[in-house]
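Just so it is clear, none of the values below were taken in a lab; they were calculated from the coordinates. Note that the coordinates shown come from a computational prediction; the quantities given were computed from them, not determined experimentally. Counting neighbours? That spans all protein chains shown, and the Cβs are built from the backbone with ideal geometry, glycine included.
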Amino acid sequence: MLDRLGRTLLAFIRKQRAYFIVAAMLKSYFQFGHHEAYLFPEFQLGNSYQVDYLLVGKSSDGYSFVFVEFEAPVGNITLAAGDIGLAIRKGLTQLADWDAWIEAHYASLVETFDKFRRHDECLPHEFVTLDKSRIHYVVVGGRRADFNDRTYRIRRKAQKERSELILHYDNLADAARNVIGEWTY
């Protein structure tokens, strides 16, 4: 659940169309999106869930999908030892719920994808056939100061085992600077 600061940031991105802040994740954290990249804010998974952002990137390997959840930038992010706190745990629970929904209702997701295609084209096979190796999840919460060696170890394990990337808001700022340049703020 986003706090006021988090909602303000998402509103800023939407109002200012500063989608590069979110899209910069493709270049910094994933090996796809350099042929084509698409961003869908507030993407619906049926009537059950709303994803803050869906990123779709294409490489020589085809299309891949990144489902992004934003959590609070401040608050119960991590525990003193570096374990994941309530805010990020809520985000990770949301990712698990999305993953279960996608497995159970992929045909419904294909119908949603179909709404975004050009009428003179068919959906590429990556959009109509469930291939979990193409699906990735991101939860963003907290700030750099909230993370320590243990947190980063948990992050690496989540990414390796479940295709879940845990980022802090400073990671987003770094990624955006890498894409558009240092002199942007």
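Within 10 Å of each residue's Cβ, count the other Cβ atoms and sort His119, His35, His105 from fewest upward.
Numbers: His119 4, His35 12, His105 15.
Lowest to highest Cβ neighbour count: His119, His35, His105.
Volume of the convex hull of the chain (Cα atoms only), normalised per residue: 128 Å³.
Mean residue ellipticity, 222 nm, helices only, the chain: the sum of -39500 (n - 2.57) across DSSP H runs of n ≥ 4, divided by residue count and rounded to 500, is -14000 deg cm²/dmol.
Anything over 28 Å Cα to Cα? Flag those among Lys115/Lys160; Lys15/Lys160; Lys90/Lys160; Lys15/Lys132; Lys15/Lys157, in the order listed. Walk me through the intermediate numbers first.
On the way: Lys115/Lys160 32 Å; Lys15/Lys160 34 Å; Lys90/Lys160 20 Å; Lys15/Lys132 33 Å; Lys15/Lys157 35 Å.
The answer is Lys115/Lys160; Lys15/Lys160; Lys15/Lys132; Lys15/Lys157.
Using Cα springs under 10 Å in a Gaussian network model of the chain, which residue among Asp146, Asp61, Asp170 shows the largest mean-square fluctuation? Per the Cα network of the chain with a 10 Å cutoff, Asp61 tops the list. Placing unit charges on each Cβ (+1 for Lys and Arg, -1 for Asp and Glu) gives the stretch 4-180 a dipole about its Cα centre, and among Ser108, Ala23, Ser59 the Cα reaching farthest toward its positive end belongs to Ala23. The residue list Val140, Trp98, Phe40 was ranked by how far each Cα lies along the charge dipole of the chain toward its positive end, using unit charges on Cβ atoms, and Val140 comes out on top. A prolate overall shape is assigned to the stretch 1-110, the ratio a/c of its alpha-carbon gyration tensor axes (a ≥ b ≥ c) being 1.5 or greater and a/b exceeding b/c.
Only Lys, Arg, Asp and Glu count, each charged at its Cβ (+1, +1, -1, -1), so figure out the dipole size of the stretch 94-185 about its Cα centre, rounded to 20 debye. Mind showing how you got there, number by number?
Details: 15 positive and 16 negative charges, 96 e Å.
Charge dipole of the stretch 94-185: 460 debye, to the nearest 20.
Segment Arg17..Arg153, full-extension length gain: 45.6 nm, with 0.36 nm per residue of separation and the alpha-carbon distance subtracted.
In the chain, which longest range has no trypsin sites (Lys or Arg not before Pro) that are both DSSP loop (not H, G, I, E or B) and surrounded by at most 13 other Cβ atoms within 10 Å? Walk me through the numbers before you get to the answer.
Working: sites that count: Arg17, Arg117, Arg118.
Between exposed loop sites, the widest span is 18-116.
Return a whole-number percent for the relative contact order of the chain, with Cα pairs under 8 Å and 6 or more residues apart as the contact set. Contact order relative to length: 24 percent.
Taking a ≥ b ≥ c as the square roots of the Cα gyration tensor eigenvalues, the stretch 77-185 comes out oblate, since a/c reaches at least 1.5 and a/b does not exceed b/c.
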